Every structure is written in structure tokens, then in C-alpha cells.
Amino acid sequence: MKITEHILRAKSKTLFSLEVLPPMKGKTIHDLFAVLDPLMEFKPPFVDVTYHREEITYKKAGGGLVQKVPVRKRPGTVGICAAISAHYKVDAVPHLVCGGFTKEETEDAIFTLHYLGVQNFLLLRGDALKNERRFAPSEGGHHYASELVEQVANMNKGKFLHEETAYEHATDFCIGVAGYPEKHFEAPNLGSDLRWLKHKVDMGADYIVTQMFFDNKVFFEFEKQCRDIGITIPIIPGLKPITGKRQIHSLPPVFHLDIPEDLSAAVEAAKDNQAAMEVGVEWAIQQSKELIEHGVPCLHYYTMSKADPVLRIAREVF
Ligand code: FAD
């Protein structure tokens, strides 16, 4: 079922959803099921599976030469979606990125997912590779998520890349896109970022999932500004509990967000990682309760492949 239909059917009750990462190479699908198993008690109608591009590594090639080798540490997004849908009978939502794909490869991948019964995507641009200063599309690929949204929206109208006619048997995907309550790090200001978010919606996005945030006021303001510029689709807040002391320093540079002083002080004062996790889980519980009270359609938890913190939040909140 489409995410938008899940939201409609819930009739204003806040849904519970999850995001998981494909396991590192060398692990099995059962390692991922071990994360999901306990969380299924809370009946998430959908589970997102992230997409991870290659990382460029350098290997000695003999004769003093160095060879550039692209390595993907977490492959398998499509297969994992198929496995999750078959195993749990929930909708699995693959993340698709622009980076590393031509438009033709994207079209092929979308047909594969269509035949697998996937009905929802989260469409993203993706980040620059570690050895790149800025995001660079593949030759013949998309520069921005909005272009990918437009491609899928066209497929939903039966318009494929190089065909003259529109086909009767169009796809019918529900399209999610990313939003950034604290602004995307490349955008010069929040206003500009919001206008590009509106452009993704105008191109055909059906719902928005936000980057994680730790201050609900920031989300409420972002949501208000979205509504003010005419974005009417559902906005789903993404939440992640802090689970270790170091995260108050590691999360801001990676996800470009602020950690409120009360939270960072409490985590710093925690005697060890376990105590820091207690603080993080309690903070996320309070955030979740307030967001539900506010009437958000769904709370989307970034599990980061750990069940326990999200399980404890779900027990208190859902
Ligand atoms: P876009 O919407 O294309 O925006 C990128 C930047 O360009 C923004 O600053 C925007 O303001 C600006 N912009 C947009 N359109 C234009 C335009 N036409 N002209 C000029 N400027 C423009 N990454 C992964 O690799 N895999 C994942 O699975 C993944 N999952 C994610 C899930 C969520 C919920 C979120 C919030 C992020 C996720 N990311 C993932 C990270 C994401 O790929 C990066 O944040 C990336 O840098 C931006 O992606 P985007 O889709 O938001 O880009």
C-alpha cells in the first residue's frame, strides 16, 4: 500500500515507522531481522531501507602504482526490501539516489522494483563521495532529487525515457523526499532550501520525511514555513535517540544539526555510554509524545541497526 494511503487509513492516529541500513558485507539478512523482530510488535506499516553508494579506496597495484577501487560496504537495498516484505508482510521503502546512476539505469531499477511489488520510494540526491568536494552526477544522471522525482512522476503517467508515446500501463508509485528542518548544509539559507523542497513537491512528491532533529520547536517552525509556502503533503518527522556519549560530537558534523544545550549537558554528565543512552531515550520519548500531541501523521525512527533504544521508546509512546 502507498504511504499516503497508510496515513489516510490511520485517521489522524500517528503511525510508527522505521529506517534500517543494509547489513555490512559479511553479515546476513538474519542479522537485520534480529533488529526488526522485536520492533514488529508495534506494527510499523512500512520500513525504509537506505541506499549506500560505493566508497573509493586506494589499493597498491605493484610497481609503486596505486589503483582506485570502488567498494560498496552495504549493498543489497533492493534484495533487502524484497526480503523484508516477504518476511514481515509490510511495505518496504527503498531509498533511491541520483548519484552513480544514469537516467536509463534508474529507469531499469525502477522497473525491477515495480515488478517486485514495491509501491513507495524515498528519492534522494545522495551526498558527494568522500574523495569529491561537491556532489557530481554520473554522466547522463540527475543533478538534484527533484529531477529524479520528475522521472518517477513521468513513469506514473506512462512516460518512459526514450519512448514517443505514453503507455497505458503506467507505474503508480508513491514518492517520498527528504526535508531538512535545520536546512540542508549546502543551501545558503532555509528560505532557499524550502523553495527547492517545494519544487520537489511540484515535480510530484507525495510526502516528506525529515532529517533527524532534537528540538521540536525547530520542526514546528519548519512545518509552519512549509505550509506557508503552499506545501500541503504529509511531513513525517525523523527521530533518532542518542545512544552514546560521543554522539553529541559526531552527529552535528555528519547530519548538520544542533543538539540543544540541555541534552548535550545531560549526555556529557552521564557516567558512561549506558547512562548516556538512558538520557537519549528519555529525550526521544518526550519529543515523540509532544509530536504526537501536535498531530504528526507518523514518527519515523532511524534505528541505525539497533533495536533496543527504539523498542524502549515505542513501549512508552505507542
Ligand atoms: P536535493 O533535494 O537535490 O537538494 C540538495 C541541495 O541542493 C539542497 O541544498 C537544495 O536546497 C539544493 N537544490 C535542490 N534543487 C536545486 C536546484 N534545482 N538548483 C539549485 N539548488 C538546488 N543519502 C544516501 O546516500 N542514502 C540514503 O539512503 C539516504 N537517506 C536519507 C533519508 C533522509 C530522510 C534524509 C533526510 C537524507 C537521506 N540521505 C541519504 C542523505 C541525502 O542524500 C543528502 O542529504 C543529500 O546531500 C541531499 O539529498 P536531497 O535529496 O535532499 O537533495
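Remarks
- Some residue of segment 270-290 being within 24 Å of L124 (Cβ to Cβ) and surrounded by fewer than 21 Cβ atoms within 10 Å (Cβ to Cβ): no
- On the stretch given as segment 173-196, residues that are touching a strand residue (DSSP E or B) at 6+ places or on another chain (Cβ under 9 Å), of a type in the set (A, V, I, L, M) and within 7 Å of the ligand (Cβ to nearest atom) total 2.
- In segment 68-92, the residues that are modelled with pLDDT under 95 and β-branched (V, I, T): V69, V71
- Near pairs, Cβ below 8 angstrom, 6+ apart or cross-chain, from segment 51-76 (under 20 Å from G99 (Cα atoms) and among the hydroxyl-bearing types (S, T, Y)) to any residue that is open to solvent by 50 Å² or more (accessible area, probe 1.4 Å) and within 16 Å of the ligand (Cβ to nearest atom): T57/P70
- Considering the conditions (1) within 28 Å of M40 (Cα to Cα); (2) touching a helix residue (DSSP H, G or I) at 6+ places or on another chain (Cβ under 6 Å); (3) not in a helix (DSSP H, G or I), R74 is excluded by exactly one of them, (2).
- Among (1) out of contact with any helix residue (DSSP H, G or I) (no Cβ under 6 Å at 6 or more places or on another chain); (2) more than 11 Å from the ligand (Cβ to nearest atom); (3) touching a residue at least 40 places away in the same chain (Cβ under 8 Å); (4) closer than 24 Å to H6 by Cα - the single one G141 does not satisfy: (4)
- Boolean, E147 is among the acidic types (D, E), out of contact with any Phe, Trp or Tyr (no Cβ under 7 Å at 6 or more places or on another chain) and free of Cβ contacts under 8 Å to residues at least 40 places away in the same chain: no
- Index of the failed condition, H52 passing every other in (1) more than 17 Å from the chain's Cα centre (by Cα); (2) surrounded by 12 or more Cβ atoms within 10 Å (Cβ to Cβ): (1)
- The residue list Y88, Y58 contains one member that is of a type outside the set (V, I, T) and either in contact with a strand residue (DSSP E or B) (Cβ under 7 Å, 6 or more places away or on another chain) or open to solvent by 50 Å² or more (accessible area, probe 1.4 Å) (or both), which is Y58.
- Within segment 8-45, tally of residues that are part of a helix (DSSP H, G or I) and open to solvent by 30 Å² or more (accessible area, probe 1.4 Å): 11
- Of the residues contained in segment 149-161, none is found to be modelled with pLDDT of 95 or more, within 16 Å of the ligand (Cβ to nearest atom) and assigned to a loop (DSSP other than H, G, I, E, B).
- So V201, is it of a type in the set (A, V, I, L, M, F, W, C), open to solvent by 20 Å² or more (accessible area, probe 1.4 Å) and farther than 19 Å from E186 by Cα: yes
- Test: residue in segment 107-128 that is away from the ligand (no atom under 12 Å from the Cβ) and over 29 Å from M1 (Cβ atoms): no
The values are calculated or read from the model by the stated rules, or taken from the named source; none is laboratory data. Small disclaimer: the values here were computed from a predicted structure and weren't measured. FYI the Cβ positions are ideal-geometry reconstructions off the backbone, even for glycines, and counts take in every protein chain you see. Side chains included, ligands, DNA and RNA excluded: accessible areas come from the protein's heavy atoms. Shrake-Rupley method; radii C 1.70, N 1.55, O 1.52, S 1.80 Å.
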